[in-house]
Amino acid sequence: MSKESALWYKSPAHPSKWSEALPVGNGRLGAMVFGGVNTERIQLNEDTLWSGGYRNRNNPDAKGNIDKIRELLKQGNVHDAEQLSRYALAGTPEYQRAYQTLGDLQILFHDMPGDICDYRRSLCLDTAIVSVEFNAGGYLYKRDVLASAPAGVIAIKFTTNNPSGLSFDARLTRGRYSNCTGSHGKNAIFMNGVNGGHDGISFHCLASGHADADGDIEVVGEYLIIRNAREAYIYITAATSFKHSNTLDVCSETNNAAANKGYTSILHEHIQDYQALESRVTLSLEGENTTHLPTDERLQKVKSGTADPGLTALYFRFGRYLLISCSRTGSLPANLQGLWCNDFLPPWDSKYTININTQMNYWPAEICNLTECHNPLFEHLWRMHPRGTITATEMYNARGFVAHHNTDIWGDTAPQDSYIAATYWVMGAAWLCLHIWEHYEYTLDKDFLAAHFGLLKDACMFFVDFLVENEQGELIVSPTVSPENTYKLANGKNGTLCEGCAMDGQILAELFAACEKACDILNQDTGFASTIATMRSKLPPTRVGKNGGIMEWLTEKEEAEPGHRHMSHLFALFPGNGITPETTPELAEAARTTLALRLASGGGHTGWSRAWIINFLAKLGDGNGAYSHFNELLCHSTLPNLFDDHPPFQIDGNFGATAAIAHMLVSSSHNKVYLLKALPEEWKQGSVNGLCAKGGLVVNLSWANGKLTEATFYAKHDYAGVIVYNGVQMPIKLPKGETVSWGDINKLS
Ligand code: FUC
C-alpha cells in the first residue's frame, strides 16, 4: 500500500471557495464537504439532475445546404461557407442541456464550546471517507462523510465525547430553485423540484436523521433538529425522473434500507466495495517524506521549487479515486466536472465536450485497472446512438451514427453553440467509439466487442456516406475544423472551417482499422470490412509540413494562434497509435517539433492541454519532459484540493495526468509492453503494481537508481508478445492465469 494515503488540511474550506472542499462520490451521488466548525456545508449532486428535457435540435436546413457549404469551401470562399454553416448547420436551438447542483445540506451546530484546537480535515484514500475532527472546549468532535455505492446514500456520522453530546439543525436548500421543502415523517426532511419547465427533470432529495439513545430528533418546518447526541447520523439520497417515475418512493426506500442496515454495516460494505477497485494499483515514488505537511502546503512548496515525488503519487492515487467516485456502472459518465458541480449554469454547462475532454476523462480507465469505470461511457454511447442516427439522416442524409463536439444527458448529437472553431465538427461519435476498441484491446472481451459492434459499425457507416473525394483522390471530411484552431487566410482574415484536416484522417484511419479487426474477430460483416478497408487506403496520410512539424490542415496554412491549447493534429501520437517513435520515427520527430513550436508560443496553458502534453511526451519516451510538464500542471493548474484547474475547475486534467503518469511507467501496443519508457531522472526509486497492458497483462515494477530492478507479469488471458525495456526486446508467452517474474522470462520465451 502506498504511504500517501490522505489529502489533509489544517483548516476548513473557505465557505465561498468551493474548490477547497473535498469530494466524495458513489458514481451517482456526489458531495463536497467544507468542514466548518460551527457550520457545515455539504454541497450535493445527483448525476441525472440536468436543466431540461430532450428536444430534436437538428437543423432542418442542413440537408439542403451541405453541398453548397462544401462547394464554397472548394472555391476557397471560407467566409461565406462559415456564414452559411452558422445558419444551416447550427442546432435549433443552439444549446444542449446543462448539469446542475442538487443543492446543499446546511448544518448549524449549537452550543459548540469555544477554544478550538487540533483541527484536521482529510480525505482518506484507503477508505474514501472525508473526516473533520477537532477539539472544542476540551472535547473531541468528529464527522465522517462517505458516499456508499452499495447503499446508494451519502452517510454522515457525527460523534463527540462531550457528555452533553452535540446539537445541530440541518436543512436541504437549493436557494430559489426548489419547489417544496419540509418534513417526511418524524425524522426526515425532503426537497423537490422540477428543472427546466414541463418537459424537465423532476427530483426528490431526502435526508433522514438518527441518533443514539441520548439524542432527541424532531423536524420543525424544513429543519431536522438533533439535540444532545453523542452519536448521530444523517443519510442522504436523491432520485430524478430521468430514471424513476416515483422519485419520493425511491428515496424513502433507499433511506429506510440504509437506516435498517445501520452505519457500521454501511461503512464496512462501502470500504469493501471501494477497495475492490482502489487496491488494484499502488504507486510509490521515493523522496523526502513530507506526509506530515498538509496537502495545500505541499502544493505550495512544489510551486516554490521543492520536488515532492510523494505528492505526485498522491495526485495519481487521487485521480483513480475520482474516477471510482464519479463513474460506476449504471451512473452517467464523468462530465466536465466529473460529478461535482456547484452551479446552475456551470462553465460549458458541465456536460460532455467530446472533442477531447470526455475522452480524456477515460484515458486512465484501462491502464489504471479500472475497466469497469469505463462502462458509463459505453452506456452513454447507447443513449447517443438513436439520436445520432437521426442527426445523420436529418442533417446529412447519411446512414450511420454521427455526433458533433458536445453531448448531454439525453445523448443529444446535434451541433452545440455557434462557435465555428468547434461546432460544425462531425467526429465526436467516431472518436468516442474508439474507446470500445481500446476496452477490447485491454480486456480481449469478445462478448463486449460483439455487444458494442453496432456502435462501431454505425460510426464508420456515417463516413461511408459523408466523406467526399477531393481532386487528389483522397477521401476527406468537408466541412470540418481542426478543433479548435484557426488559420490565416490570404485576405488577412482568419478562417476555421476547412476541407479535411490531419485529425479527421487520423481518427478515421484508427476507427476503420478497429472496425475491420472487429469484423475479423467476430467473423461478421466481411463485405463492410472490405469497403472501409478500401476507404482507409484513400484517407489523407499524416504529413510533415515545411516547418518540420505535423501538418494540421491538408494544405499549408499559417496558424492564427500558434500556442493553441488543442493539439488535434497529434491525435495519432496520443491517444491514437498512428505515430510512435518505434514504428514511424520521422513522424515522431515531426510531432516533437510540433510540440516544441506550440510550447514556444505559450501552449499548455489549460489544465487538460498540459495533461495532453504529458501524455505526448510519455509516448515519445521523454521522461524528463513529461516530468517537467507534470510539475507545471501542479504549479499552474492545480487547486488546493488537487482538482484540475482549467481554470476554472475541470476534471479532465486530473484524469489526463493520471493516465500520463501510468504511461510513463508502462505503455503498450497490441503486442508490446514498454517498461519505464519515460522514467524521469527525478523518480530515482519507486514501484508500481497493477497497471494494465493491452492483451490482458497486469504489470508490477520496481526500480532503483533509474534502473528496473524487478518486473512481474500476470496474464488475464493467454498472452504472446514482447516486453521492451531500455532497447532490449524479450518475447514472452504466458498462459492465462499465470505469473512470471523478470528473471523467468527467458525460460518462457
Ligand atoms: C473545449 C476546450 C476548452 C474547454 C471546453 C470545455 O472547448 O477548448 O478549453 O475545455 O472544451
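The values are calculated or read from the model by the stated rules, or taken from the named source; none is laboratory data. The structure presented is a predicted model; accordingly, all values stated were derived computationally and were not measured. Please note: Cβ atoms are built from the backbone with ideal geometry, for glycine as well, and neighbour counts cover all protein chains shown.
Points to keep in mind about this one:
- Per-region count, the stretch 13-36, residues within 16 Å of VAL145 (Cβ to Cβ) and either hydrophobic (A, V, I, L, M, F, W, C) or in contact with a Phe, Trp or Tyr (Cβ under 6 Å, 6 or more places away or on another chain) (or both): 12
- Subset of the stretch 609-637 [assigned to a helix (DSSP H, G or I), within 25 Å of GLY548 (Cα to Cα) and hydrophobic (A, V, I, L, M, F, W, C)]: ALA611, TRP612, ILE613, ILE614, PHE616, LEU617, ALA618, ALA626
- Of all residues in the stretch 386-415 being charged (D, E, K, R) and under 25 Å from the mean Cα position of the chain (by Cα), the one that is nearest to the ligand (Cβ to nearest atom): ASP408
- Count of the stretch 638-661 residues, restricted to those that are in a strand (DSSP E or B) and touching a Ser or Thr at 6+ places or on another chain (Cβ under 7 Å), is 3.
- Count - residues of the stretch 114-133 that are surrounded by fewer than 18 Cβ atoms within 10 Å (Cβ to Cβ) and touching a Lys or Arg at 6+ places or on another chain (Cβ under 8 Å): 3
- For the stretch 568-608, the set of residues classified as charged (D, E, K, R) and in a loop (DSSP other than H, G, I, E, B) consists of GLU582 only.
- Under the condition of being within 16 Å of the ligand (Cβ to nearest atom) and among the hydroxyl-bearing types (Ser, Thr, Tyr), the residues counted in the stretch 481-494 number 2.
- Residue in the stretch 568-607 that is farthest from the ligand (Cβ to nearest atom), counting only those that are over 23 Å from GLU438 (Cβ atoms), surrounded by fewer than 20 Cβ atoms within 10 Å (Cβ to Cβ) and polar (S, T, N, Q): THR593
Here is a yes/no grid of residues against (1) modelled with pLDDT under 95; (2) under 23 Å from ALA365 (Cα atoms); (3) in a strand (DSSP E or B):
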| site | (1), (2), (3) |
| --- | --- |
| GLU682 | no, no, no |
| ASN689 | no, yes, yes |
| SER702 | no, yes, yes |
| PHE713 | no, yes, yes |
| GLY721 | no, yes, yes |
| MET730 | yes, no, yes |
| GLY737 | no, yes, no |
| ILE745 | yes, no, no |
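- Boolean, ASP216 is farther than 22 Å from ARG143 by Cα, acidic (Asp, Glu) and modelled with pLDDT of 95 or more: no
- Residue ranges of strands (runs of 3 or more DSSP E) in the stretch 209-267 with at least 3 members surrounded by fewer than 16 Cβ atoms within 10 Å (Cβ to Cβ) and not hydroxyl-bearing (Ser, Thr, Tyr): 216-220
- Whichever residue in the stretch 549-567 is more than 16 Å from the ligand (Cβ to nearest atom) and outside any loop (DSSP other than H, G, I, E, B) and, among such residues, is surrounded by the most Cβ atoms within 10 Å (Cβ to Cβ): ILE550
- Summed over the stretch 134-170, the residues that are surrounded by 20 or more Cβ atoms within 10 Å (Cβ to Cβ), of a type outside the set (A, V, I, L, M, F, W, C) and under 32 Å from the mean Cα position of the chain (by Cα) give a count of 5.
- Spans of strands (runs of 3 or more DSSP E) in the stretch 130-179 with at least 1 residues in contact (Cβ under 8 Å) with a residue 12 or more places away in the chain and more than 23 Å from GLY262 (Cα to Cα): 139-148, 166-173
- Residue in the stretch 617-640 that is in contact with a Gly (Cβ under 8 Å, 6 or more places away or on another chain), charged (D, E, K, R) and buried (at least 21 other Cβ atoms within 10 Å of the Cβ) present: no
- You will find that of LYS488, LYS546, LYS493, the residue that is touching a strand residue (DSSP E or B) at 6+ places or on another chain (Cβ under 8 Å) and surrounded by fewer than 20 Cβ atoms within 10 Å (Cβ to Cβ) is LYS488 and no other.
- Lone qualifier among SER478, SER418 - being within 16 Å of the ligand (Cβ to nearest atom), closer than 27 Å to ASN56 by Cα, touching a helix residue (DSSP H, G or I) at 6+ places or on another chain (Cβ under 6 Å) and in a loop (DSSP other than H, G, I, E, B): SER418
- Members of the stretch 608-622 found to be more than 16 Å from the ligand (Cβ to nearest atom), of a type in the set (Gly, Ala, Ser) and in contact (Cβ under 8 Å) with a residue 60 or more places away in the chain, listed by number: ALA618
- For the stretch 628-650, residues that are over 17 Å from the mean Cα position of the chain (by Cα) and within 15 Å of the ligand (Cβ to nearest atom) total 1.
- When residues in the stretch 357-372 are screened for being farther than 18 Å from ARG97 by Cβ and under 10 Å from the mean Cα position of the chain (by Cα), 7 of them pass.
- Residue within the stretch 67-88 that is out of contact with any Gly (no Cβ under 8 Å at 6 or more places or on another chain), surrounded by 16 or more Cβ atoms within 10 Å (Cβ to Cβ) and in a strand (DSSP E or B) present: no
- Considering only residues in the stretch 341-370 that are within 25 Å of THR282 (Cβ to Cβ) and in a loop (DSSP other than H, G, I, E, B), the one that is nearest to the ligand (Cβ to nearest atom) turns out to be TYR362.
- Condition check for GLY197: surrounded by 18 or more Cβ atoms within 10 Å (Cβ to Cβ) and either in contact (Cβ under 8 Å) with a residue 12 or more places away in the chain or among the hydrophobic types (A, V, I, L, M, F, W, C) (or both): no
- Filtering the stretch 421-451 to residues that are farther than 16 Å from SER568 by Cα, outside any helix (DSSP H, G or I) and touching a residue at least 12 places away in the same chain (Cβ under 8 Å) leaves only LEU444.
- The stretch 383-406 residues that are over 17 Å from PRO333 (Cα atoms), paired with ones that are part of a helix (DSSP H, G or I) and within 16 Å of the ligand (Cβ to nearest atom) (beta carbon under 8 Å, 6 or more apart): VAL402/GLY428; HIS404/GLY428
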